[in-house]
Every structure is written in structure tokens, then in C-alpha cells.
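Let me begin by presenting the structure, written as C-alpha cells, before commenting on it.
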Amino acid sequence: MGNLDLGVVACDERGQVTMVNAAARRMLCEGAALSVGADLRTLGRHRVGSRSHASGEMPLRRALRGQHTRDREMEVVVGDRRHTLLANSQPITDVDGTVTGAVA
């Protein structure tokens, strides 16, 4: 996934980040806030339009609850940089349909 231009982040069922590709690191990882082993619950807020949302509404967190996110425009502030992203996310499930992680 090193050559993929799209940022991809995956986590396990506990919300621990298990993978961050190079594109996501370039956009989101100033100060290593989003790195392998990070806990999604400790991340800050993000903005959608003019509204600020708690980390529980992040696409990855929603996917852990079994929800799919499609084309959600969001603004992420990392340090002094702002990124407007179009996010897609979905749960990762086992053969029984149990959520075992999420990808965005």
C-alpha cells in the first residue's frame, strides 16, 4: 500500500490502529498522533463543515459500531495544518459477521 495515493488507516476491534499507509501518514501523522498502536479514543476532535465532532464520530469509530461511511467531507486539523478529506469507512468482519476491525 506504499504506492497508493489515498490515505488508508485500519484498526482492530478495540480501536487500536493496526495500519497507516504512507499517504495517511503524510496527511495526518504530524507528531505521530495517528500511528500504529495509537488508541482512536485518545484522538481529538474533527470538523464537518462548521461543526466540531468528538472522536466517537470519526469514520473509523463509526465503522467499529458496524456503520458504513460514504463520501463524508470532514476537516482534520493536525498541528497548524488543516486538511479537508472525503472519508469512506466500513467495518471488517469475520465469517460470522462479528466486527473485528475497521478500515477508512
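Please treat every number below as a calculation from the coordinates, not as lab data. Bear in mind that the values here come from a model prediction, so they are computed numbers and not experimental data.
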Segment 86-94 - phi-based ³J(HN,Hα) in whole Hz, Karplus 6.51/-1.76/1.60, Gly and Pro as x: 10, 9, 10, 8, 7, x, 9, 10, 8
Calculated from backbone phi, Karplus (6.51, -1.76, 1.60) coupling profile of segment 12-19 in Hz, x at Gly/Pro: 8, 5, 8, x, 8, 5, 10, 7
Sequence-distant residues sharing a close amide H with residue 8 (under 5 Å, placed H): 21, 23, 24
